[in-house]
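Structure record follows, encoded as structure tokens.
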Amino acid sequence: MKTIFQLVAELQARDQSGALCTIIETKGSTPRHETSKMLVYPDGTFTGTVGGGEVESRTIAEALEAIKEGKPRLLRYSMVDPGRGDPGICGGTLEIFVEPILSKPVLVIIGAGHVGKSLAHLAKWLGFKVVLSDDRADLCNAEIVPEADEYFPVGMKEFAAAFPINGQTYIVLVTRGSLIDIEGLPELLKSDAKYIGIIGSKRRWINTQKGLLEKGISREQLSRVYSPIGMDIGAETPEEIAVSIMAEILAVKKGASGNTMKMEPLGEK
């Protein structure tokens with residue numbers, strides 16, 4: 001039988017996600033002792049145990065959220081009085097550290113034009129897994145865009161059904177126009193993607209929003225979309241535009257403000 005550590009190593013070798021839950025402190029009577037571990041997978045299945053029952057159920061739910069958010073969390077449970085919400089009656093307390101094991105971040109590029117090609121090159125260099133999709137099969141292949149890891153020569157609707165999108169997925173639409181975006185974006189907005197951005201002018205995004213609202217997409221859903229895409233660095237060429245887009249994605253990924261780091265001049269002493 002494989003140990004938890006071997007299973008974690010396998011997850012990392014396959015570039016898959018999970019969450020390692022470890023009891024780090026106990027006081028009084030608890031169902032499991034310190035260092036007991038449980039590995040939770042994104043589908044809710046698990047290996048190992050931190051005590052069973054309601055404690056385990058709550059911990060699994062927290063682990064799934066940790067995988068989605070990409071952030072660790074410390075859980076504290078008192079097991080005294082279920083009437084006040086405690087997950088048991090053993091009489092003790094325990095702390096569980098939940099550590100997400102994250103797969104490589106994925107950049108999905110929908111549109112294999114000049115900007116899409118530049119994005120694939122830059123994202124690969126930055127350590128992202130690159131997935132390219134375009135309904136034009138003659139452009140969506142390794143010969144034209146060699147930096148991509150996977151290719152989906154299908155429409156946007158078909159892509160959303162074919163590729164598993166999660167909280168480690170960043171989606172960039174650099175398509176041929178708003179009609180394509182209006183047709184395919186509703187399916188993407190149902191996903192757990194961390195970021196969805198659309199290239200184009202403010203006018204294009206206004207027109208796209210109108211079309212999506214007519215399709216029944218809510219304003220709350222539309223608020224998830226970054227458009228016009230990218231940070232304002234005065235970008236003009238495909239390469240410069242790719243830099244502005246990836247800068248915005250990195251800011252979202254790291255929870256940064258995206259503000260300039262320019263320092264004010266020092267005053268006189």
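Using the Cβ-Cβ distance between Glu99 and Lys190 with R0 set to 25 Å, the FRET efficiency works out to roughly 0.30. Counting only residues at least eight positions apart within a chain, or on another chain, the lysines with an alpha carbon under 25 Å from that of Lys71 are Lys37, Lys104, Lys124, Lys129, Lys190, Lys194, Lys253, Lys254. Computed on the Cα atoms alone, the convex hull of the stretch 106-254 gives a volume of 99 cubic angstrom per residue.
Could you please report the charge total around Ile165, scoring K, R as +1 and D, E as -1 over all other residues with beta-carbon less than 10 angstrom from its beta-carbon? After counting each charged neighbour, the total is 0.
When the inverse distances between all different Cα atoms of the stretch 12-101 are averaged and flipped, the Kirkwood radius reads 13.0 angstrom. Ranking Leu102, Ser201, Val243 by how far each Cα lies toward the positive end of the dipole of the chain (charges on Cβ) leaves Ser201 at the top. Each of Ser78, Ile217, Tyr41 was scored by the projection of its Cα onto the charge dipole of the chain, and the greatest displacement toward the positive side belongs to Ser78; charges sit on the C-beta of Lys, Arg, Asp and Glu.
Each Lys or Arg adds one and each Asp or Glu subtracts one; over the other residues with Cβ under 12 Å from the Cβ of Thr208, this totals +2. The residues packed around Ala66, meaning those with a beta-carbon under 11 Å from its beta-carbon, carry a net charge of -1 if Lys and Arg are +1 and Asp and Glu are -1. For Cys140, Cys21, the sequence from fewest to most other C-beta atoms within 10 Å is Cys140, Cys21. The label-point distance for Arg73 and Asp149, in a model that sets each label 7 Å from Cα toward Cβ, rounds to 2.6 nm. Calculated mean residue ellipticity, 222 nm, the chain: -10500 deg cm²/dmol, from DSSP H runs (n ≥ 4) at -39500 (n - 2.57) each, averaged per residue and rounded to 500.
Give me the angle, in degrees from 0 to 90, between the Cα long axis of helix 53-69 and the longest principal axis of the Cα atoms of the chain, rounded to the nearest 10. Helix 53-69 and the main axis of the chain meet at about 20 degrees. Just checking my list (i) 14.5; (ii) 12.8; (iii) 21.3 against mean projected area of the Cα convex hull in nm² computed from this structure; which label fits? Here the calculated entry is (iii).
The ranking of Leu132, Leu7 from fewest to most other beta carbons within 10 Å of each one's beta carbon is Leu7, Leu132. Dipole check for the stretch 12-101: with +1 at the C-beta of Lys and Arg, -1 at the C-beta of Asp and Glu, and the Cα centre as origin, the magnitude is about 60 Debye.
Summing Cβ point charges (Lys, Arg +1; Asp, Glu -1) relative to the Cα centre of the stretch 106-254 gives a dipole of roughly 520 debye. Between Trp125 and Ser223, the modelled labels are 3.7 nm apart [label points 7 Å from Cα along Cα→Cβ].
Between His33 and Glu54, the contour length at 0.36 nm per residue exceeds the alpha carbon distance by 5.9 nm. Spacing of the modelled spin labels on Lys157 and Glu65, each 7 Å from Cα toward Cβ, amounts to 3.6 nm.
Taking every DSSP beta bridge that has both residues in the chain, what percent is antiparallel when rounded to the nearest 5? Close to 55 percent.
Read-outs throughout are calculated quantities, based only on the coordinates presented, and are distinct from any laboratory measurement. Fair warning: this is a prediction, and the values are worked out from it, not measured in the lab. Heads up, the Cβs are rebuilt from the backbone with ideal geometry, glycines too, and the neighbour counts pull from every protein chain shown.
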